[in-house]
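What follows is a set of notes on a single structure, which appears directly below.
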Amino acid sequence: MKRIHTITPLNSQAMKEAQDLQNSFIKPSGSLGELERITIKLAGITGQVHNVIDKKIICLFGSDHGIYDEGISSSPQDFTRKLMLAYSEKQNAGINILSRQAGAELRIYDLGVKNLGPHENIITHKFLQNGTRNFLHERAMNYELAEEVITFGINLVRDAKSEGVNLIGTGEVGMGNTTPACACIMAALNTRNPELVGRGAGLNDEKFSRKKKVIIDALNFHAENLTDPVNILSCVGGLDVAAMTGVFLGGAIYHIPIIIDGVISIAGALLAYQLQPLTREYFFASHETLEPAYNYAANFMNITPCLKLSMRLGEGTGCAVFMQIVDDALAVINNMGTFQEF
């Protein structure tokens, strides 16, 4: 965790040079909007005006959650295991298709999925054999484990950089995981506003009311311990959110852009931001989601999602789509002609 003190602001000189280059192209200044902003921010992250993204990965973190026992999900918990196998064996789920389309390698991590054994296409790193504990009654995980999972995420980025990876997307799977994600966001924003709670995978009215009550009761139960991001993760978080928190910190430490997917992903980004505000400069928000907690977190960090596609699948699918936008943005700055050439 000491490494977060090495995080620095973006390279302002590289950003100015990228902005000046964009302004010199044969187009009205600013006319390519988000495509221009992406390249300018990438210049700030890498320190280079001309960047090539030739090794992309999407990290999909699978984990189960003890809070599932409180009836806050519409799907059987075993779906986590089945989906992990679908990603790794049949390879025809949404994230498989869209990551291939984006030219990104999908890396699947078992952080704590019930009844999922070793698999050649899954990176097994079970921090808890059956996922987190029921945080309505006790901490989801102990404080030391929360720190360990964050460090795992940081090291994942470090190792990816050593391989030449230059763009990382974040994804997840775990039945009921919008509940810990929302609880983390509400704890980080110090609110008990039930309007932040969304329906997740489509809860009926009865389960939706139950989900709101469970989250608020849990936050009240842990209130005196929700003092910092690591404690928040320990009390009401998930292994997926903790790993993503580390990935977002790692992106800032090692100067690799990280992409936010949906509400679980932005919960990790928000906690990383609260640990070190400069972290925000190193990640991109791919798309808006229908989960209200996502919008509250984005507004708090003053970040704007690039896309509005009404997506709510998770898995990192929004990251895969956004990666293709990044390719387009780089094609412009690396190839467009300038007025001086005419």
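We did not get these values from a lab; they are worked out from the coordinates using the rules stated. What you see is a predicted model; the values in this text were computed from it and never measured. Glycine also receives a Cβ, built like all others from the backbone with ideal geometry; neighbour counts cover every protein chain displayed.
Of LYS56/LYS90; LYS82/LYS308; LYS90/LYS114, which pairs sit farther than 23 Å apart, going by alpha carbon to alpha carbon?
LYS82/LYS308
Run a plain Debye calculation on the stretch 10-51 (Cα atoms as equal point scatterers, no solvent) and give log10 I(q)/I(0) at q = 0.15 Å⁻¹, rounded to two decimals, same order as the q list.
Normalising to I(0) and taking log10 leaves -0.29.
Placing +1 at every Lys and Arg Cβ and -1 at every Asp and Glu Cβ, with all other atoms neutral, what dipole size does the stretch 10-51 have around its Cα centre, in debye to the nearest 20?
40 debye
For LYS27, which lysines qualify as cross-link partners when the Cα separation must be under 21 Å and same-chain residues fewer than eight apart are set aside?
LYS16, LYS41
Rank these for me by crowding, ASP205, ASP217, going from fewest to most other beta carbons within 10 Å.
Ranked by crowding around the Cβ, least crowded first: ASP205, ASP217.
How far is the Cα center of the stretch 18-33 from the Cα center of the stretch 94-173, in Å?
A separation of 39 Å, based on Cα centres.
Under 13 Å between alpha carbons, and skipping anything fewer than 8 positions from LYS207 in its own chain: which aspartates and glutamates qualify?
Cross-link targets: ASP69, GLU70.
What does the net charge come to around LEU136 if you take all other residues with beta carbon closer than 9 Å to its beta carbon, with K and R at +1 and D and E at -1?
On the way: positive: none; negative: ASP69, GLU70, GLU138, ASP217.
That sum, taken over residues with Cβ under 9 Å, equals -4.
Give me the dipole magnitude in Debye, nearest 20, for the chain about the Cα centre, with unit charges on the beta carbon: positive for Lys and Arg, negative for Asp and Glu.
180 debye
Can you give me the three principal axis dimensions of the chain from its C-alpha atoms, in Å, biggest first?
Principal extents (largest minus smallest coordinate, Cα): 69, 42, 40 Å.
Tell me the mean residue ellipticity at 222 nm calculated for the chain from its helices only (DSSP H runs of n ≥ 4, each -39500 (n - 2.57), averaged over every residue, nearest 500). Provide the component values of the computation, followed by the final result.
Details: 12 runs with 156 residues, N = 342.
The helix contribution divided over the chain gives -14500 deg cm²/dmol.
Tabulate in residue order the Karplus-calculated ³J(HN,Hα) for the stretch 251-257, using 6.51 cos²θ - 1.76 cosθ + 1.60 with θ = phi - 60°, rounded to whole Hz; enter x for Gly and Pro.
Per-residue couplings from phi come out as x, 6, 5, 9, 6, 10, x Hz.
Could you tell me the relative contact order of the chain? Use alpha-carbon pairs under 8 Å, at least six residues apart, and round to a whole percent.
Working: 708 pairs, mean separation 83.8, N = 342.
After rounding, I find 24 percent.
For the stretch 190-342, what's the relative contact order in percent, using C-alpha pairs closer than 8 Å and at least 6 residues apart?
Relative contact order comes out at 20 percent.
Amide H of LEU106 versus every other amide H placed in the peptide plane: which residues, excluding those fewer than 5 positions away on the same chain, fall under 5 Å?
ILE58
If you take the charge dipole of the chain about its Cα centre, with +1 on Lys and Arg Cβ and -1 on Asp and Glu Cβ, which of ILE123, GLY238, LEU249 is farthest toward its positive end?
Final value for the positive-end residue is GLY238.
Would you be so kind as to identify which of LEU278, ILE260, ASN299 lies farthest towards the positive end of the dipole of the chain, taking Lys and Arg as +1 and Asp and Glu as -1 on Cβ and the Cα centre as origin?
Of the listed residues, the answer is ASN299.
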